[in-house]
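For reference, the structure discussed in these notes is given below.
The values are calculated or read from the model by the stated rules, or taken from the named source; none is laboratory data. What you see is a predicted model; the values in this text were computed from it and never measured. Cβ sites come from the backbone with ideal geometry, for glycine too, and all protein chains shown count toward neighbours.
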Amino acid sequence: DVVETQEHYKSRWRSIWIMYLTMFLSSVGFSIVIMSVWPYLQKIDPTADASFLGWIIASYSIGQMVASPLFGLWSNYRPRREPLVVSTAISVAANCLYAYVHLPRSHNKYYMLTARALVGFGAGNVAVVRSYIAGATSLTERTSAMANTSACQAVGFILGPVFQTCFTLIGEEGVTWKLIRLQLNMYTAPVLFGALLGVINIILIFAIFREHRVDDMGRQCQSVNFGGEESGALDQDTEGNVDHVAVVALNFLFFVILFVFAVFETIATPLTMDMYSWTRKEAVFYNGIILSVVGIESVIVFMVVKALSKKTGERAILHGGLLIVLVGFFILLPWGKKLPNIQWQEIKNNSVPRTTSIETLIPFWSLQAMQLPSNHTEEPVGCPVTQSWCLNTPMIYLAQYISSDILIGLGYPVCNVMSYTLYSKILGPKPQGVYMGWLTASGSGARILGPVFVSQIYTHLGPRWAFSLICGVVVVSLLLLEIVYKRLIAFSVRYGRMQE
């Protein structure tokens with residue numbers, strides 16, 4: 001072991017900051033279109049329904065789930081610059097593809113599905129980022145570094161919807177560059193901006209990023225790509241086995257945390273369009289503002305968590321975060337008596353002209369119970385009658401929705417950063433690329449099942465069933481945390497090399 005030099009320290013933290021940027025851009029790639037996927041999908045392919053939206057959102061995570069262990073394994077044996085550059089280049093190309101999904105004459109929804117899956121595949125570099133930061137920080141630096149990483153991820157989630165909101169000023173039609181057949185509008189401009197950020201990231205990785213590694217005490221270790229060498233040998237003492245019970249438990253807890261947040265993200269636009277009769281453009285704009293405010297709240301939470309964890313420990317904070325998330329979803333249950341406005345739209349029958357009478361379209365409904373909205377426009381608004389629960393489920397009031405946003409925005413970042421911190425400490429000095437790949441894959445699996453779950457349960461059974469089941473899942477995760485609580489300790493503490 002070698003005492004760390006000042007030069008090494010500065011280079012190590014410059015490289016960590018490049019990893020922060022990469023994490024930020026990865027989350028921007030996801031969130032920059034999340035509010036507009038549904039209206040854009042409806043615009044380019046009228047055959048797409050809410051269930052297919054779930055697959056569109058999930059495709060990102062399918063790509064990330066497949067790529068994360070692969071990139072993690074790659075980073076264990078080769079310089080991390082390689083998987084970082086390749087993954088970012090894939091994301092840039094996929095964003096460009098997304099900008100052209102309107103061109104084909106049919107099956108446009110499948111082109112969008114492919115583009116989002118490839119963006120997710122590129123985002124598999126999150127495993128590389130997390131494993132690098134875990135290996136390049138001492139045990140005392142770890143919580144702060146992981147909190148900063150999660151904060152950068154949260155800022156990406158904040159600014160993604162903000163960028164989308166700004167780009168709504170271009171409008172749905174926008175302008176067309178005929179030479180390259182590019183439509184620049186509120187749906188395509190964000191992804192092209194994301195592609196530009198990806199190119200900048202690649203340049204910075206080549207120019208600044210270097211490979212570094214320190215042990216739990218902060219002592220410099222031989223590593224890939226430092227001092228001009230590209231040897232993967234480590235001189236750290238790695239004796240001892242990882243507690244795999246704790247590893248599996250944290251993978252499950254992380255799955256639950258990402259699952260409930262994926263449900264929250266996916267449901268925002270359809271829920272507000274159904275409950276508050278917002279148009280596509282209004283839903284994108286207002287949810288962009290709401291989630292941006294929630295994101296700012298999350299960044300503040302990340303900063304507070306760094307100081308709070310030194311007093312209470314990561315496990316207690318994780319427990320509190322899960323309780324807050326539980327309360328957030330409990331509040332979101334429909335409690336009132338007022339029903340949402342019903343959408344005046346043909347029941348998926350293109351052969352029926354728009355002038356057809358309502359009596360012909362909805363013979364099974366008591367027309368006396370419905371009132372035509374005074375602001376009725378060509379774009380149908382409200383809760384569609386094809387979702388049968390709209391007829392008997394009370395609406396979720398805006399105050400409920402905003403209160404839930406605030407609580408989930410408080411609980412989710414706490415759970416996120418504590419999960420990563422505990423996980424990296426449990427793994428200790430072992431190469432963490434593959435392990436971080438599996439953790440990222442667990443989160444990606446949650447992002448797959450979350451949107452699919454919500455698109456199916458919400459569409460067919462309504463918000464009462466959807467949010468009740470989410471509450472049940474969080475309760476199970478709290479019970480698991482109680483069972484494994486004493487095992488969630490750092491590798492060095494477990495083997496008596498350091499005191500907790």
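Below, the figures for the structure above:
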item	result
Sole exception among (1) in contact with a Gly (Cβ under 9 Å, 6 or more places away or on another chain); (2) of a type in the set (A, V, I, L, M, F, W, C); (3) under 29 Å from Phe157 (Cβ atoms); (4) modelled with pLDDT under 85 for Leu427, by number	(1)
Residue pairs meeting the criteria (Cβ under 6 Å; at least 6 apart or on separate chains; first assigned by the TED database to the domain that holds Phe206, in the stretch 86-101; second modelled with pLDDT under 90 and not in a helix (DSSP H, G or I))	Ala99/Thr188
Residue among Val155, Val129, Val162 that is under 14 Å from the mean Cα position of the chain (by Cα) and either under 28 Å from Val414 (Cβ atoms) or not in a helix (DSSP H, G or I) (or both)	Val155
